[in-house]
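Okay, so here's the structure we're looking at.
The values are calculated or read from the model by the stated rules, or taken from the named source; none is laboratory data. All of these numbers come straight from a predicted model, not from anything done at the bench. We place every Cβ from the backbone using ideal geometry, glycine too, and count neighbours over all the protein chains shown. In case anyone asks, the SASA skips ligands and DNA or RNA and just uses the protein heavy atoms, side chains included. Shrake-Rupley method; radii C 1.70, N 1.55, O 1.52, S 1.80 Å.
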Amino acid sequence: MSNKEGKGSFGPVLIIMALTLVVVFLWDKVAAIKNSAEYIFNPTAGFLLNWNLTWGMIIIVLVLSFLMTLIQKYTTDQKTLKELKKEQKEVQKQIKEFKNHPGKMMELQKKQMSFMPKQMKLSMRSMVYTGIPLILLFRWFNDYFSAIVAQTGEPVRFFGFFGWVIFYLLFSIIFSSIFKKWMDVV
């Protein structure tokens with residue numbers, strides 16, 4: 001998963017991204033993909049959502065956020081990421097100091113931009129472990145909530161106005177922020 005310099009490689013991430021696209025496109029065409037996801041998610045996530053839609057979804061998002069943060073913590077080089085973040089803060093401070101010096105500011109902005117590929121390579125490694133399961137879950141969610149809409153004729157709304165995707169994203173951000181702070185994850 002890493003190259004000679006130990007800085008990481010996008011190869012595995014690109015492969016997982018391609019496989020997730022394959023899963024998305026073959027979901028309705030290859031019964032084994034959909035049936036496998038239903039076999040896993042119906043008795044777990046389905047049980048929670050059938051028990052109570054809002055609380056079930058909150059529990060699912062909480063558990064997923066915890067697992068994603070845990071995976072991120074142990075599949076990324078946290079020490080290097082923290083060093084990069086610290087360097088970025090220092091450069092950002094220097095940019096503020098030299099805001100009236102366009103030449104120096106441009107040089108510092110280039111330096112700041114050079115951190116991005118390194119940081120992405122290190123941060124994206126956890127995707128290798130979570131990409132396909134998350135895509136399967138999201139496809140299952142889509143089918144689950146579409147079935148409710150087909151039954152009731154009304155869209156599923158959390159707290160009266162959130163669709164399931166927005167609800168998931170919002171609570172995922174909240175829970176992930178809490179877990180990252182608690183577990184000291186960059």
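Worth a mention:
- Any chance VAL23 is modelled with pLDDT under 90 and more than 13 Å from ARG125 (Cβ to Cβ): yes
- Here is the figure for region 12-68: residues that are among the aromatic types (Phe, Trp, Tyr) and under 22 Å from the mean Cα position of the chain (by Cα) total 5.
- Among the residues making up region 84-103, those that are acidic (Asp, Glu) and within 21 Å of VAL186 (Cβ to Cβ) are GLU87, GLU90.
- Positions within region 129-160 being among the β-branched types (Val, Ile, Thr) and in a helix (DSSP H, G or I), in sequence order: THR130, ILE132, ILE135, ILE148, VAL149, THR152
- Checking the stated criteria, ARG157 turns out not to satisfy the condition of being touching a residue at least 60 places away in the same chain (Cβ under 8 Å) and either over 21 Å from the mean Cα position of the chain (by Cα) or open to solvent by less than 60 Å² (accessible area, probe 1.4 Å) (or both).
- Residue tally, condition within 18 Å of LYS85 (Cβ to Cβ), open to solvent by 80 Å² or more (accessible area, probe 1.4 Å) and among the hydrophobic types (A, V, I, L, M, F, W, C), over region 171-186: 1
- Hits in region 129-142 (condition: open to solvent by 40 Å² or more (accessible area, probe 1.4 Å) and not aliphatic (A, V, I, L, M)): TYR129, PRO133, PHE138, ARG139, ASN142
- Segments classed as helices (runs of 4 or more DSSP H), wholly inside region 15-128, with at least 3 members that are touching a residue at least 40 places away in the same chain (Cβ under 8 Å), out of contact with any Lys or Arg (no Cβ under 9 Å at 6 or more places or on another chain) and crowded, with 16+ Cβ neighbours inside 10 Å: 53-75
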